[in-house]
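Read the structure below first, then the notes.
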Amino acid sequence: MAEALLAARGLHTYYGASHILNGVDFAVGRGECIGLMGRNGMGKTTLLRSMLGLVRPRQGSVEVRGRDMTRAAPHAIARAGIAFVPEGRGIFPNLTVRENLVMAARPGVDGRREWGYERVLATFPRLGERLDNGGAQLSGGEQQMLTIGRALMTNPDLLILDEATEGLAPLIAREIWNIIRGIRASGIATVIVDKNYGAVLGLADRCVVLVKGCVVFTGTPGQLADNEEMMQRYLGV
Amino acid sequence: MDLAFFLIQLLNGLQYGLLLFLVASGLTLIFGIMGIINLAHGSFYMLGAYLAWSLASMTNSLVAAIALGVVLTVLLGIALEWLLIRHFYERDHLYQVLLTYGLILVFEEMRSVIWGDDVHGVPVPDLLAYSIPLTENLSYPVYRLVISAVCLLLALAMYLLIARTCLGMMIRAGSSNREMAQSLGINIKLVYMLIFALGVALAGFAGMINAPLSSVFPNMGGGVLIICFVVVVIGGIGSVKGAMVASLLIGLAETFGQVLVPEVAGMIVYLLMAAVLVWRPEGLFRKL
């Protein structure tokens, strides 16, 4: 792989005394789609948060496009082209839908303006009907669309989706998956954490499995699906 | 109480309330959004008054003094945030109280060293030094009306800043979910620095424009600080709208209290606070 868009090396992260990440290496290349997998409490979200600057790893490094950003502020990492759709969505309830969308809008790192207000509304027509509503008045699915739309408005090179379909009705979840597929096809790299392993395997170029803060598997979705031990023991499938 | 007298008290109450709003709005933003209990906020009010007095005697113009004073208070706010306050965001309120109480002592001592301990008066600018007659023997000073108008304009500007501008969106987003705002590329530290500097400048500006009415004296920030905390608690911590409503309530309650029931005038503000807190423990309005 050429220079990685985002790369973590030997990350050790603690929450108080508990050792959550135990020397994790992780990399995402341009346009690549990675399924980050593992059961609950294995460190997936902590790995994402460590790379985004939201928690400080005690050891190890984080690089964005080859530039060291281990101790960088979260906003600097975001401005290096990395957008985050967090678990629980992170809508601003005191901003309207329109404000949620435009508050962080900016061209990409290389000046790209592929994603603007009109395109996001064309992708998520339901948001267009609710522009003046407060963020908290939306349904779960609409909130998820808003968070993804808001992330796209920053014209990122990498979109990180943590449990994007959690708690959504199957029909809405399918809509979100279609959107994620479209984003992937547009050339934006993605990291997907989701309990729907089938959908992740169908979408990812590469899968990474975390167990107790260590990477135990890296390979293609095909290799992972064929690895029965991995699927049963570590993913419970 | 005849109509003219009532009108004068009403205008005085509103003017006092609007002035309180300038100080309290910064206090509520700094407390509600940045999570900093800033006991030194009254010192910025005092500093403003002393700046107005000393700069006005140098330049012979209150307007020039205020313009210069605002620039100085903004710079002071930026410097304080950068040197001290930003290291206390993650800390317990107790540390913030200790820090900002220490700042009060430092500011009072500096005031004593630089300007001395005397009481000073600041003349009302000639252009505004007249009164509008209401009846044969009652009249109302124009300067107070001008102050009220300026406060109202600033309140409107603040409303527009928070509700309509990009910075306002960032402030509101940061107040509801700081981490998410950062992850969208918003430099929350810079936003906090601006909020703090704005709060310092507003408190200082209040001291400056009120200097011709209140005179300028040591420890004048203490009383204002306490009343402004009452305003913040009544209005709801972090709510600028609440600060406006509570400031006017308190301004009117205190002004009319002193005239109608002078025996208990000192208690009225606190009785009002107790009553509001029984009715709405969170204050009148929610955060931004």
Next on the checklist: Could you report the accessible area of residue B:118 in Å², rounded to 10, computed with a 1.4 Å probe on the protein chains as they sit in the structure?
Outcome noted: 100 Å²
Item to check | Calculated from backbone phi, Karplus (6.51, -1.76, 1.60) coupling profile of segment B:180-192 in Hz, x at Gly/Pro | outcome: 5, 4, 5, 5, 9, x, 8, 7, 5, 5, 5, 4, 4
Item to check | Cα-based helix-to-principal-axis angle, B:93-115 vs chain B, degrees rounded to 10 | outcome: 50 degrees
Item to check | Modelled FRET efficiency - R0 22 Å, residue B:189 with residue B:163, Cβ distances, 0.05 increments | outcome: 0.40
Item to check | Largest-first principal axis extents, alpha carbons of segment A:157-237, Å | outcome: 32, 28, 23
Item to check | All lysines inside 17 Å of residue B:287 as judged from Cα atoms, apart from same-chain residues fewer than 8 positions distant | outcome: B:241
Checklist entry - What percent do you get for the relative contact order of segment B:101-220 when only Cα pairs under 8 Å and 6+ apart count? => result 37 percent
Checklist entry - Just for the Cα atoms in segment A:1-40, what are the lengths along the principal axes, largest first, rounded to whole Å? => result 36, 21, 11
Item to check | Summed side-chain charge close to residue A:212 - residues other than residue A:212 whose Cβ falls under 15 Å, Lys, Arg +1, Asp, Glu -1 | outcome: +3
Checklist outcome for this item: Long-range alpha-carbon pairs in segment A:50-130, meaning those over 23 Å apart, account in percent for 35 percent
Checklist entry - Which FRET efficiency value, to the nearest 0.05, do you get for residue A:186 and residue B:94 by plugging their Cβ-Cβ distance into 1/(1 + (r/R0)^6) with R0 = 45 Å? => result 0.30
Item to check | Mean separation of Cα contacts under 8 Å (6+ apart) over length of segment B:8-220, as relative contact order % | outcome: 45 percent
Next on the checklist: At 1.4 Å probe size, what's the solvent-accessible area of residue A:147? Round to the nearest 10 Å².
Outcome noted: 0 Å²
Checklist entry - Hey, any idea what the orientation-averaged projected area of the convex hull of the protein assembly as shown's Cα atoms comes to, in nm²? => result 29.5 nm²
Next on the checklist: Need the per-residue list for segment A:86-120: every residue with at least 50 Å² less accessible surface in the complex of protein chains than in the chain by itself, probe 1.4 Å, sorted by number.
Outcome noted: A:92, A:94, A:99, A:103
Item to check | Cα-centre dipole for chain B with unit charges at Cβ (Lys and Arg positive, Asp and Glu negative), debye to 20 | outcome: 980 debye
Checklist entry - Calculated from DSSP H runs of 4 or more alone, at -39500 (n - 2.57) each and per residue, what is the 222 nm mean residue ellipticity of the protein assembly as shown, nearest 500? => result -17500 deg cm²/dmol
Checklist entry - How large is ³J(HN,Hα), in whole Hz, for each residue of segment A:86-101 in order, when computed from phi with the Karplus curve 6.51 cos²θ - 1.76 cosθ + 1.60 and θ = phi - 60°, using x for Gly and Pro? => result x, 4, x, 6, x, 5, 8, x, 8, 10, 6, 4, 4, 5, 4, 6
Checklist entry - With a 1.4 Å probe, how much accessible area is buried between chains A and B, both sides summed, in Å² to the nearest hundred? => result 1700 Å²
Next on the checklist: If I take all pairs of Cα atoms in segment B:161-288, what percentage of them are more than 21 Å from each other?
Outcome noted: 52 percent
Next on the checklist: If the reach is capped at under 26 angstrom between alpha carbons, list the lysines near residue A:195, excluding any in the same chain fewer than eight residues apart.
Outcome noted: A:44, A:212
Checklist entry - Per the Debye formula with a single identical scatterer at each Cα and no solvent contribution, what log10 I(q)/I(0) holds for chain A at q = 0.15, 0.17 Å⁻¹? => result -1.03, -1.30
Item to check | Rg(Cα) / (2.2 N^0.38 Å) computed for segment B:8-220, rounded to two decimals | outcome: 1.09
Checklist entry - What part of the accessible area of segment B:8-220, given as a whole %, is carbon or sulfur when the probe is 1.4 angstrom? => result 68 percent
Checklist entry - Averaged per residue, what accessible area in Å² does segment B:8-220 show with a 1.4 Å probe, protein chains only? => result 42 Å²
Next on the checklist: Just to verify a number: what accessible area does residue A:194 come out at with the full protein assembly present, 1.4 Å probe, Å² rounded to tens?
Outcome noted: 10 Å²
Checklist entry - Angle, helix A:170-185 long axis vs. longest principal axis of chain A, Cα atoms, 0 to 90°, nearest 10? => result 80 degrees
Item to check | Relative contact order [Cα under 8 Å, 6+ residues apart], chain A, whole percent | outcome: 27 percent
Item to check | Rg/Rg_ref, segment A:7-148, where Rg_ref = 2.2 N^0.38 Å and atoms are Cα | outcome: 1.18
Checklist entry - By the scheme Lys and Arg +1, Asp and Glu -1, what is the net charge of all other residues having a beta-carbon under 11 Å from that of residue A:19? => result +2
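The values are calculated or read from the model by the stated rules, or taken from the named source; none is laboratory data. The model shown is predicted, which means the values in this text are computed figures rather than measured ones. Glycine also receives a Cβ, built like all others from the backbone with ideal geometry; neighbour counts cover every protein chain displayed. In case anyone asks, the SASA skips ligands and DNA or RNA and just uses the protein heavy atoms, side chains included. Shrake-Rupley method; radii C 1.70, N 1.55, O 1.52, S 1.80 Å.
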